[in-house]
Amino acid sequence: SKAAKAATSGVPGKLQNAVETVVEFVDNTVKETFHGRNPLVAPLALTIFVWVFLMNSLKWIPVDIIPGIAHAAGLPFFKIVPTADPNGTLGLSLGVFLLIIYYSIKVKGVGGFAKELSLTPFNHPIAIPFNLFLEVLGLLTKPLSLALRLFGNMYAGEVVFILIALLPLWIQWTLNVPWAIFHILVVTLQAFIFTTLAVVYLSAAHEDH
């Protein structure tokens, strides 16, 4: 909101420039991957990207500072990075999954959605049980793959930071700095991948065969 209040049509400031870059980046991504008509998809994609990026970015805080403070306050366990916990990533992906189901039914109707599940890929009544098995399995794996992909990458990065922290102090900096720099790319890339796949899945939900 600070960037919106300070927005100007002249030369943009650093904050406005950063916000405009993110908005334009997500908008172009939606235009390239979403082929339906829905004014909510672009704002949703922007929200997902920024939200996941900010949660991933908590990994840039040294791995033991916040848990150490929490432990001193009497909390036995504290995980600072939400996306390094499968509960956090599954919550995000289930939200996307509910939207997939909602728009699939809204665009295709209950009967159309049922036909898509039962008559794809083999358009014959005999193949309905086999089709249902494949399509329902594929539908359920979408949120699972979304959640586990993000969780796996964030958790693995956190484990590497912890392993580096266990090493002698003289060698920590030689490993921690390159890994932290590399993780800047990982944090951004994982937010982009989660957002892009969510848009692709929503685009498929809007396709009425």
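No value in this document is a laboratory result; all are computed from the given coordinates. Since the model is a prediction, treat every value here as computed from it, not as a measurement. Glycine also receives a Cβ, built like all others from the backbone with ideal geometry; neighbour counts cover every protein chain displayed.
The distance linking the stretch 182-205 with the stretch 80-133 is 19 Å (Cα centroid to Cα centroid, whole angstrom). Per-peptide packing, taken as the mean over residues of other Cβ atoms within 10 Å, places 22-33, 168-179 in the sequence 22-33, 168-179 from highest down. In terms of the mean number of neighbouring beta-carbon atoms within 10 Å, the peptides 44-54, 114-124 order highest first as 44-54, 114-124. Remark: the stretch 82-94, residue by residue, has Karplus-estimated 3J(HN,Hα) of x, 7, 8, 10, x, 5, x, 6, 5, x, 5, 5, 5 Hz, where x stands for each Gly or Pro and the curve is 6.51 cos²θ - 1.76 cosθ + 1.60 at θ = phi - 60°. Label residue 16 and residue 148 with points 7 Å out from Cα along Cα→Cβ: what is the distance between them in nm? About 4.7 nm separates the two model spin labels. Summed over qualifying helices (DSSP H, 4 residues or more, each -39500 (n - 2.57)) and divided by its residue number, the chain shows a 222 nm mean residue ellipticity of -26500 deg cm²/dmol. Modelled spin-label separation between residue 98 and residue 66, with each label point placed 7 Å from Cα along the Cα-to-Cβ direction: 2.4 nm. Scoring 66-78, 194-206, 141-153 by mean Cβ neighbours within 10 Å over their residues and listing the highest first yields 194-206, 141-153, 66-78.
Rounded to the nearest 0.05, the FRET efficiency derived from the C-beta distance between residue 156 and residue 47 at R0 = 22 Å is 0.30. Net charge of the neighbourhood of residue 83, taken over other residues with C-beta under 13 Å away and scored Lys/Arg +1, Asp/Glu -1, is +1.
State the extension gain, in nm to one decimal, for the chain segment bounded by residue 106 and residue 132, taking 0.36 nm per residue of separation less the distance between their alpha-carbons.
7.4 nm
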